[in-house]
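The values are calculated or read from the model by the stated rules, or taken from the named source; none is laboratory data. Just so you know, these numbers come straight off a predicted model, no measurement behind them. Note: ideal-geometry Cβ built from the backbone for every residue, glycine included; neighbour counts use all protein chains shown.
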Amino acid sequence: MTPRFLTSELPLIAAPMAGGATTVQFAAAAATAGAFPFLAGGYKTAEGMGAEIAELRADGAAFGVNLFVPDRADPGSADGDAAAFAAYARELADEAATYGITLDPIPRDDDGWPAKLALLCADPVEVVSLTFGLPAAGDIAVLRRAGSAVLATVTTAGEARAADEAGVDGLIVQGPRAGGHSATWDPRREVGDAATSETLAAVRSVTRLPLVAAGGVDGPGSVRTLLDGGAAAVAVGTLLLRTDEAGTSATHRAALASDAFVGTAITRVFTGRPARGLRNGFIDRHAPHEITAYPAVHHLTRELRTAAGAAGDADRLHLWAGTGYRSAKAEPVARTLERLASGL
């Protein structure tokens with residue numbers, strides 16, 4: 001049974017894809033098609049996030065907002081080693097020079113966590129999901145007191161136990177085959193390649209909280225398997241990247257449909273945190289030198305990635321994609337969701 005706070009007709013969730021793919025129009029279209037949509041709060045200012053909330057609320061849909069939980073460690077450190085970061089910056093200098101870019105020093109930020117938390121407490125949404133760990137227990141409590149259900153994203157049974165003890169309302173269980181950043185609480189951990197159903201089973205064995213499964217969804221059969229495995233709903237991301245309403249860049253869209261890419265890989269080369277994307281030259285060239293240092297590496301490479309995307313340079317762009325990317329189609333969101341629901 002779908003939890004009461006996920007009020008959609010279908011047990012499907014349009015996943016929050018930070019960086020531009022999730023737009024208000026995308027979320028509204030998903031809601032109209034019967035799924036529960038999330039807005040992506042990551043990489044936005046609190047003001048920008050608030051504007052999107054107001055716009056989507058005007059459409060009349062119930063929805064959630066996803067937040068990145070800041071690392072309580074120094075975000076400018078690279079495994080505690082500034083020298084490792086400096087060495088990696090030198091490693092990428094020639095890539096940046098291709099576009100006349102000089103890589104910036106390490107920026108330090110928390111993705112605007114305090115301001116976003118304050119906004120969501122003053123203007124609550126139905127659901128707030130958390131990625132990259134747990135915030136202070138008090139932060140979870142204030143979101144719940146404001147009226148939002150709080151979901152923590154977990155990747156292991158151990159993380160699930162900790163989230164349950166922290167008092168969240170449900171869990172998003174992300175399997176290793178998901179596209180984009182792994183939600184692992186330990187970015188140094190090897191993510192692996194297991195099916196989401198295996199992670200779901202491990203988490204289900206340690207908690208009675210409602211579970212949302214995410215990762216590696218490639219069609220209605222995947223949805224059915226995850227629901228049969230105990231998920232109350234299934235989150236879909238990669239399969240929606242090529243849909244008409246998504247804000248996915250033209251370069252990323254073309255790569256997802258191209259025969260030039262033969263698979264995905266987990267990499268830290270673009271952001272300093274494990275993420276799954278189409279394997280390209282940038283990954284192959286720099287994998288031997290990658291470091292764990294998020295968000296420092298994310299900011300280091302951001303201007304380079306922006307230039308590569310604008311130039312149509314898929315060789316130097318982060319092309320986030322889960323293992324089911326070949327099933328993504330250029331069509332309306334509603335059509336993809338209808339196909340995924342056909343086996344229910």
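Things worth noting here:
- Close pairs (6 angstrom Cβ cut-off, 6 or more residues apart or separate chains): closer than 21 Å to G112 by Cβ in segment 24-46, part of a helix (DSSP H, G or I) and among the acidic types (D, E) anywhere: V24/E52; V24/E55; L39/E52
- Residue list for segment 316-326, restricted to those being out of contact with any Phe, Trp or Tyr (no Cβ under 6 Å at 6 or more places or on another chain) and either over 16 Å from T238 (Cα atoms) or in a helix (DSSP H, G or I) (or both): L317, Y325, R326
- Selected residue (only one of V333, V236 is in the same structural domain as T155 (by TED's automatic domain parsing) and within 24 Å of D193 (Cα to Cα)): V236
- Only listed residue being within 22 Å of P16 (Cβ to Cβ) and surrounded by fewer than 21 Cβ atoms within 10 Å (Cβ to Cβ), chosen from R224, R253, R273: R253
- Unmet requirement for H252, which otherwise passes all of (1) at pLDDT 95 or above; (2) out of contact with any Asp or Glu (no Cβ under 9 Å at 6 or more places or on another chain); (3) more than 20 Å from S182 (Cβ to Cβ); (4) of a type outside the set (K, R): (3)
- Test: residue in segment 283-304 that is crowded, with 21+ Cβ neighbours inside 10 Å and without any contact (Cβ under 8 Å) to a residue 24 or more places away in the chain: yes
- Of the listed requirements (1) farther than 30 Å from T98 by Cβ; (2) in contact with a Leu (Cβ under 8 Å, 6 or more places away or on another chain); (3) part of a loop (DSSP other than H, G, I, E, B), T243 misses just one: (2).
- Residues in segment 327-343 that are in a loop (DSSP other than H, G, I, E, B), among the aliphatic types (A, V, I, L, M) and farther than 22 Å from T267 by Cα: A330 only.
- Within the set R188, R279, the sole residue that is among the charged types (D, E, K, R) and closer than 30 Å to D164 by Cα turns out to be R188.
- Checklist (1) assigned by TED's automatic domain parsing to the domain that holds V154; (2) in contact (Cβ under 8 Å) with a residue 24 or more places away in the chain applied to R253, failing item: (1)
- Count - residues of segment 269-282 that are over 20 Å from R242 (Cβ atoms), without any contact (Cβ under 8 Å) to a residue 60 or more places away in the chain and not in a helix (DSSP H, G or I): 2
- Extreme residue, surrounded by the most Cβ atoms within 10 Å (Cβ to Cβ), among residues of segment 177-209 that are of a type in the set (D, E) and part of a loop (DSSP other than H, G, I, E, B): D186
- Put simply, of G138, G158 the only residue that is out of contact with any Ser or Thr (no Cβ under 7 Å at 6 or more places or on another chain), at pLDDT 95 or above, surrounded by fewer than 23 Cβ atoms within 10 Å (Cβ to Cβ) and farther than 26 Å from G48 by Cβ is G158.
- Any pair with Cβ under 9 angstrom, 6 or more apart, that starts in segment 116-133 at a residue that is within 11 Å of I53 (Cβ to Cβ) and without any contact (Cβ under 8 Å) to a residue 12 or more places away in the chain and ends at one that is assigned to a loop (DSSP other than H, G, I, E, B) and not hydrophobic (A, V, I, L, M, F, W, C): none
- Every residue from segment 1-25 that is modelled with pLDDT of 95 or more, touching a Pro at 6+ places or on another chain (Cβ under 8 Å) and either surrounded by fewer than 24 Cβ atoms within 10 Å (Cβ to Cβ) or of a type in the set (S, T, Y) (or both): T22
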